[in-house]
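Asker: This structure is in structure tokens; I'll ask about it shortly.
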Amino acid sequence: MPRSLPWRIGLAFAALALSVLAAVGLTLFVVLRSLHADTTFARLADLSGTLVAEARNAGVSLSPGQVLTNLRGQITDTDVAVYFLLANGRLVSVQGAPLPRDAITMPASAIKDETEHGSVRFSDGTQYAYAATVLRNAGTVGPRALIVATPDRSGGDTLRDLARALPAVLIILLLIGTPIAWLLSRSITNPLRRLPRRSASDPLRSKARRRSGSSPPGSTP
């Protein structure tokens, strides 16, 4: 720990700046991750809505597996997987596609064309975001919902955003905090530096007053 008061003030401001930076970073992480997740869910919901009409039309003459193969061939994003959720909760997938470890369910009250979204870990260990659009109401024959899923990259995207944003925040904190720390240091240390000079000069003045006032006024030595 430095003994110099200016250095101690500087270290205190540095600790404060790091605390502010950590608080800003945590807040930004929560907000940005939520925004990235919402963007992913919206993209999946749009894609699911586009595929639903074709899935309904093709489902009359083809098996669920064949329909999924046709739908998957229309998607340019290789990270997107397509599934059918059956009424019994079983998932139908294209051969080789990973399956979720936990079951994806649709509420019994969900109606036709309603979309649910969420996040679940798949068998390959990757966290996936998904959007499930109801194809048919509960109790009807055929696949219950069409599910479109993609790896959830909201955490990684958020960290990359923070890596670009936090240096700018740190620079701003330094530009604001450094002059304040310098001014505060001067406002404290300057009066302290003048104290020894005053202490050294005061005894001389007192001694001079005593010498000049040793003889009564009007008397001759």
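Asker: Starting from the amide H of G118, placed 1.01 Å from N in the peptide plane, find each other amide H under 5 Å away whose residue is 5 or more places distant or on another chain.
Answerer: Distant-sequence amide H within range of G118: Y130.
Asker: How much of D161 can a 1.4 Å solvent probe reach, expressed as accessible area in Å² and rounded to 10?
Answerer: Solvent-accessible area, nearest 10 Å²: 40 Å².
Asker: Which FRET efficiency value, to the nearest 0.05, is calculated for V31 and A138 with the Förster distance at 30 angstrom and r the Cβ-Cβ distance?
Answerer: So the FRET efficiency works out to roughly 0.25.
Asker: Roughly to the nearest percent, how much of the accessible area of the stretch 39-148 is carbon and sulfur, given a 1.4 Å probe?
Answerer: 51 percent
Asker: Continuing with the same structure: Per the Kirkwood treatment, what hydrodynamic radius in Å, one decimal, follows for the stretch 61-147 from the mean inverse distance over all distinct Cα pairs?
Answerer: 13.4 Å
Asker: Right, next: Please give, to one decimal in nm, the separation of the simple spin-label points placed at A87 and E114, each 7 Å out from Cα toward the Cβ.
Answerer: 1.7 nm
Asker: With a ≥ b ≥ c the root eigenvalues of the C-alpha gyration tensor of the stretch 29-76, is it rounded (a/c under 1.5), prolate (a/b larger than b/c) or oblate?
Answerer: Taking the square roots of the gyration eigenvalues as a ≥ b ≥ c, the stretch 29-76 is prolate.
The values are calculated or read from the model by the stated rules, or taken from the named source; none is laboratory data. This one's a predicted model, so the numbers in the text were calculated from it and none came from an experiment. Please note: Cβ atoms are built from the backbone with ideal geometry, for glycine as well, and neighbour counts cover all protein chains shown. Note: accessible area is taken over every heavy atom of the protein model, side chains too, but ligands, DNA and RNA are not part of it. Shrake-Rupley method; radii C 1.70, N 1.55, O 1.52, S 1.80 Å.
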